[in-house]
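Reviewing the structure listed below.
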Amino acid sequence: MRCALGRSGVARNKREGDGATPAGAFPLRRVLYRPDREPPPQTALPIAALERGDGWCDAPDDAAYNRLVRLPHAASAEALWRADAVYDLIVVVGYNDAPVVAGRGSAIFLHLARPDFRPTEGCVALARADLLAVLADADADTRLVVAGA
């Protein structure tokens, strides 16, 4: 499947803000979707509807680093309810979450690609049909494999 990766390529030593997609094999934790734009996808993974005000903390010094938060949040956090469509369907990737290590990178998702497949900030992005196909086959044992670096 065609995909978009981070603007800095793939890195084995991912750092917050470096624009790289981390190399490795990572579990798929859960699916978040925009209920005003997407129906719940068919998948065996846990699913939750996004709400206005949902965000993802990207501040390494914050206790909620690399976790879902409500906006406004006291520290830096990325809005998940966006004007563009890339976060209409998000798969939370199990990267830097067990345990969370400050500065190792946050908000690594599998999400929808832009029409031109331009690079991401470190996520993996797929065409809508491809992401839906992945989700239809995904379960608790599924891993996202990012090779390189």
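How large is log10 I(q)/I(0) at q = 0.16, 0.18, 0.21, 0.22 Å⁻¹ when the Debye formula is applied to the Cα atoms of the range 42-113, each weighted equally and without solvent? Debye intensities relative to I(0), on a log10 scale: -0.57, -0.71, -0.95, -1.03. Which FRET efficiency value, to the nearest 0.05, is calculated for MET1 and ALA85 with the Förster distance at 30 angstrom and r the Cβ-Cβ distance? FRET efficiency, MET1 to ALA85: 0.95.
Averaging over all projection directions, the Cα-based convex hull of the chain occupies 8.2 nm² in the image plane. Taking label points 7 Å from Cα along the Cα-to-Cβ direction, ARG30 and ALA75 give a separation of 2.0 nm.
Any chance you could run the full-extension gain for ALA147 through PHE117? It's 0.36 nm times the residue separation minus the Cα-Cα distance, nm to one decimal. It would help to have the intermediate numbers written out before the result.
Working: separation 30, 0.36 × 30 = 10.80 nm, distance 1.85 nm.
Working it through step by step, the gained length comes to 8.9 nm.
Note on ARG67 and GLU51: the extension gain reaches 4.3 nm, defined as 0.36 nm multiplied by sequence separation minus the Cα-Cα distance.
Can you check what the net charge comes to around ALA129, using other residues whose Cβ is under 14 Å from the Cβ of ALA129 (Lys, Arg +1; Asp, Glu -1)? It would help to have the intermediate numbers written out before the result.
Working: positive: ARG2, ARG128; negative: GLU38, ASP88, ASP130, ASP137.
Combined, the nearby Lys, Arg, Asp and Glu give -2.
Here the alpha carbons of the range 76-130 define both size measures, Rg and Dmax, at 11.9, 35 Å. Ranked by the mean number of other Cβ atoms within 10 Å of their residues, highest first, the peptides 86-96, 39-49, 128-138 come out as 86-96, 128-138, 39-49.
Since every read-out is calculated from the coordinates, none of them should be taken as a lab result. No experiment lies behind these values; they were computed from the predicted model shown. For neighbour counting, all protein chains shown are included, and Cβ atoms are generated from backbone atoms with ideal geometry for every residue, glycine included.
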